[in-house]
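K.L.:
Could you have a look at this structure, given as C-alpha cells, before my questions?
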Amino acid sequence: MYNFTDLHLHTTHSWDAEQTIESLIKKAYKEDVEFLGLTEHLDFHNNHPESFMHLDYNKYTAAVEHAKKDFPGLIKGVEVGEPNIYTELYDKYMEGKHFDFIMASVHWINGATPVFEEYFKRYKSYDDAYKKYFEEEFKLVSYGNFDAVAHLTLVHRHGKKLYKEYTYEKYKKEIDDILKVIISKNLALEVNCSGLRHPAKELIPDEDVIKAYIALGGNSIFIGSDAHRLSDSFYGLKEGYETLDRLGVKEIVIFEKRKQVRIPLRDDDIEGL
Ligand SMILES: [Zn+2]
Ligand SMILES: [Zn+2]
C-alpha cells in the first residue's frame, strides 16, 4: 500500500558501517523497498582520524554503477557533516564529482556529538544544549549548498532520556526559523526513523515538527532509517509512512542528479486505477 523508499543508508563505503550494498539490495527485494538512497559519510573534522574524508568516490561510484544493474532504484547520495564549517574542503572534494543528492548534517558541535551525555554536560542547562544545537542547524541550512537536511532535532534522539521538557512548542521559534529557511531554499527534509530504535522512541523530527513544516508550506519530505547495519535497515519505515499518511502527505521525494523527483506516498494513488 506504500511506495517504500529508504533514503538514509550507510554501507561499507562509510567509515562506521558494516552492511554491503549487495546485502541491502537482497533485503530490499524481500521487503519490497523500491528505492535505496545510499548516504555514505563524508566528514572533514579531526575528531576521528579514521573518518576524515574517508569516502573513496571512485570506488563508491564503481560499486553503485555495478549494483544498479541488479537494482535500478539505487540512488547515489552522500551525508556531509557540517559543510558550512568546512566549506573549502567541501568545495574541493565536490569538484568534478556527481551525486544524486547531497544530504547535510550537524554531527559535531565544538568537538562533541549532540547524542552523547558528554555533549549535554558542556552546557549549564539542557535548554542551553538544545538551543546551541538549533543554532548550529540554523547555520547549516542558511548555508544551504546541498539538497537535503538529515535528522533535524537529532539532539532529542538521546536527549529525551535527560530532558523530558523538550516539545516543539517550547522551541517553536528556533525550529520554525530553521524550517522557513529549509522551505525557502527548496531543501528536502528527512523524516528519520532512527529515533524509533533509540530513547526518543519517535520519529526525528517528531510529528509536531513535521506538522509545522507542512503548515509553513513545506512539501519535500523523504524517509530514511539511518541504518549502519542490515538489522536496522528499513526499521520504522512503515511507521514513518503511516505518520505522513495520517498528516495528509501525498507525495514524497527521491533524487536523481541533484533534482527532487516526486513519487506518490501510497502505491494505490496512481490515477486511473
Ligand atoms: Zn547523520
Ligand atoms: Zn547517517
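A short reminder: the numbers here are calculations on the coordinates, not readings from a lab. Because the structure is a prediction, the values reported are computed rather than measured. Cβ coordinates were reconstructed from backbone atoms using ideal geometry, including for glycine residues, and neighbour counts include every protein chain displayed.
K.L.:
Give the residues of the stretch 46-59 that are within 15 Å of ligand 2 (Cβ to nearest atom) and surrounded by 13 or more Cβ atoms within 10 Å (Cβ to Cβ), sorted by residue number.
P.N.:
51, 54, 55
K.L.:
Residue check: is residue 234 away from ligand 1 (no atom under 16 Å from the Cβ), touching a residue at least 40 places away in the same chain (Cβ under 8 Å) and surrounded by 16 or more Cβ atoms within 10 Å (Cβ to Cβ)? Show your work before the answer.
P.N.:
Details: away from ligand 1 (no atom under 16 Å from the Cβ): yes; touching a residue at least 40 places away in the same chain (Cβ under 8 Å): yes; surrounded by 16 or more Cβ atoms within 10 Å (Cβ to Cβ): yes.
Taking the combined requirement at face value, the residue satisfies it.
K.L.:
For the stretch 60-91, how many residues meet the condition of being among the basic types (Lys, Arg) and touching a strand residue (DSSP E or B) at 6+ places or on another chain (Cβ under 9 Å)?
P.N.:
2
K.L.:
Looking for whichever is in contact (Cβ under 8 Å) with a residue 24 or more places away in the chain and in contact with a Phe, Trp or Tyr (Cβ under 6 Å, 6 or more places away or on another chain) here; the options are 182, 221, 263, 252. Which one fits?
P.N.:
252
K.L.:
Same structure again: Filtering the stretch 134-148 down to residues that are outside any helix (DSSP H, G or I) and out of contact with any strand residue (DSSP E or B) (no Cβ under 7 Å at 6 or more places or on another chain), which residue is surrounded by the fewest Cβ atoms within 10 Å (Cβ to Cβ)?
P.N.:
Filtering the stretch 134-148 for residues that are outside any helix (DSSP H, G or I) and out of contact with any strand residue (DSSP E or B) (no Cβ under 7 Å at 6 or more places or on another chain), the one surrounded by the fewest Cβ atoms within 10 Å (Cβ to Cβ) comes out as 145.
K.L.:
Another one. Identify, from the list 172, 131, the residue that is away from ligand 1 (no atom under 16 Å from the Cβ), assigned to a helix (DSSP H, G or I) and either touching a Phe, Trp or Tyr at 6+ places or on another chain (Cβ under 9 Å) or under 30 Å from residue 261 (Cβ atoms) (or both).
P.N.:
From the options 172, 131, the qualifying one is 131.
K.L.:
Looking only at the stretch 149-166, which residues are buried (at least 20 other Cβ atoms within 10 Å of the Cβ) and of a type in the set (Lys, Arg)?
P.N.:
157
K.L.:
Continuing with the same structure: Could you please let me know if residue 138 is closer than 29 Å to residue 13 by Cβ, in contact (Cβ under 8 Å) with a residue 40 or more places away in the chain and either more than 14 Å from ligand 1 (Cβ to nearest atom) or in contact with a Ser or Thr (Cβ under 7 Å, 6 or more places away or on another chain) (or both)?
P.N.:
Here the answer is no, as residue 138 does not meet what is asked.
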